Structure formats: structure tokens, C-alpha cells
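Notes follow once the structure below has been shown.
The values are calculated or read from the model by the stated rules, or taken from the named source; none is laboratory data. Just so it is clear, the model here is predicted, and its values are computed rather than measured. In this analysis, Cβ positions are derived from the backbone assuming ideal geometry, glycine residues included, and neighbour counts consider all displayed protein chains.
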Number of protein chains: 2
Amino acid sequence: MARWEGNTRGRLERAALDLFREQGYDGTTVAQIAQRANLTERSFYRWFADKREVLFGDDDLEACYLPVIQAAPDGLAALPTLLTAFASTPQVLRPRDFLIERAAVIAASPALRERELIKMVTLAEKLVAALVRRGHDEQTAQLAADVGLAVLRSATRRWILGDDSDFAVLLATARQDLLRVAVM
Amino acid sequence: MARWEGNTRGRLERAALDLFREQGYDGTTVAQIAQRANLTERSFYRWFADKREVLFGDDDLEACYLPVIQAAPDGLAALPTLLTAFASTPQVLRPRDFLIERAAVIAASPALRERELIKMVTLAEKLVAALVRRGHDEQTAQLAADVGLAVLRSATRRWILGDDSDFAVLLATARQDLLRVAVM
């Protein structure tokens, strides 16, 4: 069992995902999630604002990325700045099986899908703002954030599909793919 | 007055946008939109499924893009295939002032924002499927769709900010920006 599943938050996430798969997202209550995890509802709300948030624990991605962006060497171009930040996170934050199941549950629920989209857009906006603070012009910052997230998604897809390389290596591969796509 | 505003659909879009700006999206009813446009509610529902759809008339973008993608020359790479399709649309489909006001109204309403995000993701999925049908592998197709949409957004931003070049020229400029961002 991966280490995160041993903690309270991980147990709640695992219980929620299992219940969403068994009986659907709409048909599952916070009380059921807490019970399945052998925890109280109060514990649940210590970690998550509501039921929808339980699959979005990686919201704190930006808390990982933004300090790295801020600390990047002066003069580093926009995309390498973002990719450095993406490579610095403690790998992908959940076990692969969990992420695969999670993706299926999200795809099946419009409410979860909207939550994920808004999460991505919010992250993109924060990345743009961080790049602008470093002196990049707005147009470059927006394009770099869009393209950087495209590279991140590509690397994550490779990992989910079974490529066990270090995440920095997957990002480098995805960047090569980007160059190929952009130049051809 | 741009030509599209003379037709029923354009009048409904214009009336809706004005009302959303004056009194908010949530506070506006379909009946009010129809009245402002001197049309009946029945006319409204002939064009739009509900209030939220009235600002998303360019949903038919994919109806413009997909045939162009299908008809692209054999062997054309993924990104140029998409950019050819984007350049083939009848320019940007609404007057600039309308699009600027529309963007502000959407940004102010979570419901409209969600609708726009889902629209973009649905478009991306259809572009990926169209590229895979042309023989591109799934990874390349997904990356090219993400990157192509980043280029499209960049070109659209330039246009909204006042660049009156032909849209194909704006796309070419955005593609140069992409190369700069990707290579540096």
C-alpha cells in the first residue's frame, strides 16, 4: 500500500473513490465516505470542504509550483521555468491505480468534470501571474502556461499508461514531443 | 452594425448580452431577453436550448473545423492540419466589441464559465478524434490538439486586443510565438 493511503486524508480519498465507483457520485454521501474509512464526518470536513473536493486533493499543486517559479534563475525562459516547477513536485502525488480509477469517476460525473476543468484554469491563471511577475509579457506568459500544461498532461498520460520513468524524464520526453509537433 | 446583428439570432445574442451586463446573468430571464429583442420566447427557443446557450452560438465551430481536417492533404502533420482548419473559419464570428463584452460577462458568472470550459474540452476531444481518424497516434493527437488550441487562443487574444490582421496572419504569428516559447 502506498504511504499516502495510510494517513487520514488518503483513507478518505480511497473510501470516496470506491463508493463513487460502486454506487455513483450522486448516490454517495459524506457520511458513507467517513464510515467506509472508519472515520467521523468531522474528520472528513477537517480535510475537505465538501464531497466534490475529496478527489481534488492535489489542489495544492500550485503551492508546490509557485515557490519554484519564483526561485528560478533570472533570465530563464517561460516554458523551462514552468517545466522546472512541474519536475520539482514529489512525483505524481497518488498511486497510478488510484489516478486511473479517479479519471474514470470524474469522466462519468458532470459535476466532477466541471470541478476539474475549473481547477486547471485556476492553475493556469496562477502560472500566468507568476510568469508576469518574473517580467514575461502577458501574451508570452499565457501561451507558455497553456503549452506548459499541455506538456504536463502529456507526461502524466505517459505515466498513467505505464511508463515508470522518473517524472522529470517524462516531462523531457513530452517536451521533445512538443518540439516535434510545433516544428512539423 | 455588423451583418449578424440584423438576424434573429444576432438580435437575441445582443439583447442577452446587454441584459446580462445591466442586471447580471442570474437576474435575467429568457422572457426579458426575447422582449428586449422584440421577439417571442418561442423564437428564443428556436435558436437556443436555454439561457446559458445564448452566448455560445459559436458552438458550431466544430462544424466548420471537422470537414477541413478531414479534407486536409494526406501526410500533413497534426498541428498544421488543425491550424489550416482554424484559419478556414469565416474569421472570428462576432464583432470585436461583442466578444470583449461577452468575455467580461462570462468571467463574472461561474455558470457561464463552466459552460465555456466544457465547450473547449468537447472541442478538443473532437479534434483529437479527427486527428486519430487521419492516422495520428493518440499521444500526438492529444498534444497537437492542446497546443493547437493554445495557438488559437493566442491569435484570438491578439485580435481582441486590436490587431486587425487577417485571422490566418494572426494564427501564423501565434505559431511563431509557439516556436519561440517551445524552443527557448
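The table below gives the values:
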{"item": "Set B:Leu178, B:Leu171: member being within 10 Å of another protein chain (Cβ to nearest Cβ) and closer than 26 Å to B:Ile100 by Cα", "result": "B:Leu178"}
{"item": "Hits in region B:79-137 - residues which are outside any helix (DSSP H, G or I) and over 20 Å from B:Arg158 (Cα atoms)", "result": "B:Ser109, B:Arg134, B:Gly135, B:His136, B:Asp137"}
{"item": "Number of the exception - A:Ala37 against (1) at pLDDT 90 or above; (2) in the same structural domain as A:Arg133 (by TED's automatic domain parsing); (3) surrounded by 13 or more Cβ atoms within 10 Å (Cβ to Cβ)", "result": "(2)"}
{"item": "Options B:Val105, B:Val183, B:Val147; residue that is at pLDDT 95 or above and β-branched (Val, Ile, Thr)", "result": "B:Val147"}
{"item": "Flag for B:Leu149 being under 20 Å from B:Leu17 (Cα atoms) and surrounded by 14 or more Cβ atoms within 10 Å (Cβ to Cβ)", "result": "no"}
{"item": "Region A:96-119: number of residues that are under 12 Å from A:Phe56 (Cα atoms), within 13 Å of another protein chain (Cβ to nearest Cβ) and hydrophobic (A, V, I, L, M, F, W, C)", "result": "4"}
{"item": "Hey, A:Leu127 more than 10 Å from chain B (Cβ to nearest Cβ), crowded, with 16+ Cβ neighbours inside 10 Å and not hydroxyl-bearing (Ser, Thr, Tyr) or not", "result": "yes"}
